[in-house]
Structures are given as structure tokens and as C-alpha cells.
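The block underneath contains the structure these notes are about, expressed in C-alpha cells.
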Amino acid sequence: MGLDIRIPLGLLFLATGGLMTVYGLFTQGSAIYEKSLSIDINLIWGLVLLLFGLLMLLLTRTANRGNSHLESPSEREK
Amino acid sequence: MSSMAVQFTTSLSTIDWLIMLVYFAFVLGIGFVLKRHVRTSNDFFLAGRSIPAWICGLAFISANLGAQEVIGMGASGAKYGIATSQFYWIGAIPAMVFVGLFMMPFYYGSKARSVPEYLKLRYDEKTRAWNAGSFAIMTVFSSGISMYAMARLIQVLHIFDGLFIHLGLPLDWIFHFSVLLSAVIVLGYIFLGGLTSAIYNEVLQFFLIVAGFVPLVWIGLKNVGGWRGIQRTLGPVYTHSWRGMEHASTNPLGTQWYALIFGLGFVLSFGYWCTDFLVVQRAMAAESQLAARRVPLIAAIPKMFFPFLVILPGLIAISVPTFTQHMVAQAQTTPVPGLARNNAPSNAIASYAKSIPIGKGLIPAKIDPVNGRVMMDSNGQPLLDYDLATPNMLLHFFPTGMLGLGLTALLASFMSGMAGNVTAFNTVWTYDIYQSYIHKTGTDQHYLWMGRMATVGGIVLSIGAAYLVTSFNNILDALQLVFSFVNAPLLATFLLGMFWKRTTGHGAFWGLLSGTCAAVVHIGLTLPADAAGVGIHGGWITVLHVYPSTMAQNFWTATWAFGISFVLTVGLSLVTKPRKEEELIGLVYSLTPRPSEGNLAWYKRPAALGILVLAMLVLLNLVFA
């Protein structure tokens, strides 16, 4: 209905993942990672979230292309 | 809470705040974008019946994944072990398959706009009125409890402390601020975008909860030596879901297998998933009847694996060695926990508490809020505050940055639980109470306006409920007791209504009423062994029977409520006049043509999906038996 959920979903994860990745890059080897057993969880998980966000946005594009092939303009109006 | 046994300080930094702010911006942003698509009351209350099945499916789980769920399941995991997963495996999946395959055609196909409205179509006005009224009250209280729990948690974890100190505001305001904040956000996005907005946000919340909890389980498992490490530390009773079920005294739930299967697996679970409008509403928003039937089935697949995300943190929390890296320094200078326990009821504990971990693993001992002392059970052992299992896991393992995401996930789960109740409330209020009894002839625009007002009203009432719970702690216990049986008699009403055309309105109404009374009487006559004494938990008429645990009492209360409702509905239906068959087409199984599944691909066919889900369920149970 109106808005493809994958757009906000993708953008949210791009933003969150992006923030975490950058923060993780700058804090590599920092003492804050003693908590997470010396794993730079911000960097690793930030990248995972980034990828997920990208995937969602890509799916939106392919879905749109698929729709324009298959459906008549009137159906797309809905 | 400054004297909590295992004290974690929450110091949030800019990055954590940024992650939270990004999330809040998206939540409200969705509401603003969707606002222009809301033109009719149908758009607002039913999302225009245009949402794809997978989106509704994720919202279906998310709406149920509120505060009580995430915190409560972690707590039960720590307390009872992996047997808690029965609440998902036995207590949800079969019911979700049933509602998808057999009941959804009537909810969706009857064109009812709500569950109470189905009762009106199938039975009569009084049955609908009773259901609509009790449901509306229940949703307001549930959402109030969510609000209260969230504000308490924010207080206990000191999330806003730094911010408040920085701004020079009194720390006592944190509770009010938290209640207000959650109220404004949930109000904002539902007011603007209605059910669509709630569903979209629930999908966001679903992915956030997964994103926040997967790394928690990963790092946590690594710390305790994986599943094998947990098995070594906690032993077989904690790590097998069916061990010792032949007798109530040999398993942590304190119940036999047949009480578990009938009480939880049938009455409580079917009662909730098949009749509660909060979840059914998500499926009714789907774009077609076929999609609506697929919603609970799609939801069942991730639901099955949720124990690993929400229950496992509880088991990890209790297996983590109490002295870990950053506590070692303190531990060397303080007595061992065992010794501390022996001198327990002294003030010394409270003053030591910051450095002596008298809890177990990451779970601190319970502190009496009145005198600040550690609470003890009758054997002089400290009581553990299991509700802090999951939150303490986040604080223990997550560095700043990831912590922001973890807390956001937690807040998201609170808000999705609240929003689910608010959207169900505004629909039932507007369609089943306002339009049916107060103002019958309004325009569609009027009801759309009323829906928005009901959203405001529902939130204001929830805030009231949250403060009511704050001032009278017994209310919380009483409400949780009521929630534990309220759907049970209703299940009989629905099953008989959908699958026996002879059932009459009089039978249904009086059966339902008597079932509810039976539940109250049953609680009045029995007492769980773990209750402090005769009181709110039972026995206030007289004690005829003592159950081994509160859970066993819950299962049997529900079973009695269902049984009485079922028998009376059948009995009264046989002596009252049934409705004409042609009026019941589309409402009763035997009078409704089977929905054709045509030549769809197998994974789009509800029946095939249902079988797949059940097969996966059996497999999971075998692995963890």
C-alpha cells in the first residue's frame, strides 16, 4: 500500500549499519571490546547490517522492474 | 536500585544515542509518509486490506513480541531452562497452523472487520458486546503494563541518568519521561498512519530485535563454551525440553505432560492465537483470503526459532561464571558468595552489594524496594531477579555502539507490544462499541476521525493504567492472572461457532459468561505451592487443592474455564432455537464452500505450508527432547 516496506527497512539498516561500521573502524583494538571478548562487534555487525540494508534496497529495484514488465499501468496504480 | 548485587553502569555515548535517534526518526517518518494514503476508515483500521502476506506475517509475531515476551522469556529461560521453549513450540505453533488453515477463511471471508464483529454475525449482539467490552479493557491494561515495564527498565538500567544529570533535571522524572516518550512515539505513528503504520513498524521492530539479539547470543555462547558449555554447567534438566515431564515434581515447570499439552498446547495457546483480535487483526489486513491464511503459517517459521533469540540469553546469563574479567579485581578482595549468603539478612550485604555478586551468573539477587535489602526465600537463599537476565546480558557483553543497537531493539519490542494493543483497541472501540451502540449513522470520515480520537484516548487510558500499576503493585499480579484465563472460555465459543452449525447465541453468551466465572472460582478454590499464602494468587474462597506451581494452576484454570464454557454452550444450544442455515453461510465450516487453492505453487498453498511447519516443529522437539 503506497510505500514499499523494503525502502524504509533498507534505509534504516544502511544508516544503523553505516554508523556502527564507521565507529567500529575508528575504535579498532580499543578497550571497549573487552566486554565482547575482544571482538570488534561494531565493525563486524555493522557490515552485516549494511549488507542487509543494501539487499533490501536492491530487492525493491528488482521488484519494481518485475512489476513494470508484468502488470498493466492500471494495476500498478493501486 | 543503587544497591543491586551485580551492578552494571550504563554509560551511553554519542554513538548509542545516534542509533536510537535514527530508529525513532524512521518510526515517525513511516507514519508521516503513510498519512497521505489514509483516506477512509478502512485504510486506517484494516490497512485497506492490501498488505502482502509476508509483511503481515512478521507483524503477526512482532505484535506479540512485546515487553512481557522478550524480558519474560529470558527470565523463564534462566529460571526453568530450555523447557521454556514449550511456550513457543507447544504453546504457539500448532495453534498458528490451525488458525491459518481452518479459521482464517471465516474471519477474512465473513467480511467482519474485527473479531467481536464476527461474533455479532455468527451469534448475536450481546455476545459481541461482552467480547468487545472485555477486550477493550484488556488491551488498555496490556499496553499500560508494557509502558510501565519499559519505564521501570529504563530506570533500573540507568539509561537516561547521564542525560538527566547533564541537563540538570531531577532523576525522579525519568519514569515519567519514559512513559511520556513511549506514549508520544506510539501515538504519533498510529495517529498518522493507522494499522498500516503499526504493521510497517512492527516489521522494522522484528528485524531490529533479530539484529540486536543475534550478536548477543553469539558472543554469549562463545563466552560460556557454546551449547555444550551450558549443558556442562547447568545439567540435563535445564537443557532438555521434555525431560521429567511424566511427573510434576521432576521437571522445572512443575506440571505433567498432559496438563502441558492440553492446558498450554490446546486451551491457552489456541485461545490466544485463534481468538485474540490483537494478532488476528494482522492477518485480516492481508491482501486476499489466501494471503490471510498464509500469514500465521509464515509467522510460525521464524517464531519456532525465537527461543534461540529470547530464551537462550536467559540460560547464558545464568551460566556465565559470576566472576568475569572485569570483576576479578574486586573479587580478590571480597569474600566468596557462599559466605556472604550465610550472613544474609544483615545490612552489610546491601553495602557490600556493589562488589559482591550474591546473584547467580549475571542475575542479581532481588532487592526489596522499600528497605533496600536482599530478599530471601524461606530457606534463607537470596531470591533472584530473573527479569534482569536479558537486560544484564546486553550490558555485560555489548560495547558502546552495539549497546545502542541492543537497547534500541529492546525499546522496539516494548513499543511493538504497545502499538499492537492500541490498534486493536481503536478498531474495537470505533466499530464494535461506538458505531454499534453510540453513533450508528456517521459518515466514513466521521469514523476515521473517531479512530484517531480513539488512538489518543487509548494511549491516555494506557498511561492511566501504567500509573495505576505503579501505585498498586498487586494490580499487576491480578491482571496477569486475569490475562491467563480470559481467552480460554472464548475458545469454546469460537470452535463451536465455526464448526457446529447448531450453536446458538444464547448458548454462546451464557457459556462464555459461566466459563469466565468458572475460572475465577477455580482460582478461589486452589493455591499454587509457590505462592506466599492465601491471597491474590488463589485460595480466597477456601483451599481445596494445592498445585505444585503457579504454571500448573494456570493450565488447570484455563482448562476448567474452557470445559465449563464448552459444555454449557452445547447444552444451552440444544434447548434454544438455532439460526436458519442460509444465514450462516460463510460463517460456519460445514455450510461454507472450501476455498480453492487452484494450481498454486506448493509453497503458496496453506495446507502444504502447514505440513512443512509441523514437520519442522517435530524435528526441533526431537533435537531438544
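The values are calculated or read from the model by the stated rules, or taken from the named source; none is laboratory data. Everything numeric here is computed off the predicted structure, so don't read it as measured data. As a convention, Cβ positions derive from the backbone with ideal geometry for all residues, glycine included, and neighbour counts pool all protein chains shown. Ligands, DNA and RNA are excluded from the accessible area calculation, which covers all protein heavy atoms including side chains. Shrake-Rupley method; radii C 1.70, N 1.55, O 1.52, S 1.80 Å.
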Check region B:592-606 and report whether any residue there is surrounded by fewer than 14 Cβ atoms within 10 Å (Cβ to Cβ) and within 30 Å of residue B:259 (Cβ to Cβ). no
Any residue at all in region B:115-124 that is of a type in the set (Asp, Glu), assigned to a helix (DSSP H, G or I), open to solvent by 20 Å² or more (accessible area, probe 1.4 Å) and closer than 28 Å to residue B:70 by Cα? no
Residues satisfying the stated conditions in region B:48-59, i.e. at the interface with chain A (Cβ under 8 Å from one of its Cβ atoms) and either among the aromatic types (Phe, Trp, Tyr) or part of a helix (DSSP H, G or I) (or both): B:48, B:55
Is there a residue in region B:80-87 that is touching a residue at least 24 places away in the same chain (Cβ under 8 Å) and over 25 Å from residue B:552 (Cβ atoms)? no
Among the listed residues B:165, B:199, identify the single one that is crowded, with 19+ Cβ neighbours inside 10 Å and either touching a strand residue (DSSP E or B) at 6+ places or on another chain (Cβ under 6 Å) or farther than 20 Å from residue B:82 by Cα (or both). B:199
Right, residue A:18: surrounded by fewer than 20 Cβ atoms within 10 Å (Cβ to Cβ), in a helix (DSSP H, G or I) and either within 7 Å of chain B (Cβ to nearest Cβ) or free of Cβ contacts under 8 Å to residues at least 60 places away in the same chain (or both) or not? yes
Using the structure shown, decide if residue B:156 is in contact (Cβ under 8 Å) with a residue 24 or more places away in the chain, farther than 28 Å from residue B:469 by Cα, under 25 Å from the mean Cα position of the chain (by Cα) and open to solvent by 10 Å² or more (accessible area, probe 1.4 Å). no
Which numbered condition trips up residue A:69, out of (1) more than 10 Å from every other protein chain (Cβ to nearest Cβ); (2) at pLDDT 95 or above? (2)
When residue B:180 is evaluated against the numbered criteria (1) open to solvent by 10 Å² or more (accessible area, probe 1.4 Å); (2) more than 22 Å from the chain's Cα centre (by Cα); (3) at pLDDT 85 or above, which criterion, by number, is the only one it fails? (2)
Can you go through B:26, B:98 and tell me which one is more than 14 Å from chain A (Cβ to nearest Cβ), assigned to a helix (DSSP H, G or I) and touching a residue at least 60 places away in the same chain (Cβ under 8 Å)? B:98
For a quick check of your reading of the model, give me the residue pairs whose first member lies in region B:31-47 and is outside any loop (DSSP other than H, G, I, E, B), whose second is open to solvent by 10 Å² or more (accessible area, probe 1.4 Å) and basic (Lys, Arg), with beta-carbon atoms closer than 7 Å and at least 6 apart or on different chains. B:45/B:113; B:46/B:113
What tally of residues in region B:540-566 results from selecting those that are touching a residue at least 24 places away in the same chain (Cβ under 8 Å) and aliphatic (A, V, I, L, M)? 5
For region A:21-35, enumerate the residues that are at the interface with chain B (Cβ under 7 Å from one of its Cβ atoms) and among the β-branched types (Val, Ile, Thr). A:32
Residues B:484, B:436, B:471: which one is modelled with pLDDT of 90 or more, small (Gly, Ala, Ser) and open to solvent by 10 Å² or more (accessible area, probe 1.4 Å)? B:436
In region B:501-535, how many residues are surrounded by fewer than 16 Cβ atoms within 10 Å (Cβ to Cβ), assigned to a loop (DSSP other than H, G, I, E, B) and among the hydrophobic types (A, V, I, L, M, F, W, C)? 3
Identify, from the list B:430, B:423, B:443, the residue that is under 30 Å from residue B:120 (Cβ atoms), more than 14 Å from every other protein chain (Cβ to nearest Cβ), hydroxyl-bearing (Ser, Thr, Tyr) and open to solvent by 10 Å² or more (accessible area, probe 1.4 Å). B:443
Could you tell me which of the residues B:187, B:181, B:169 is free of Cβ contacts under 8 Å to residues at least 12 places away in the same chain and in a helix (DSSP H, G or I)? B:181
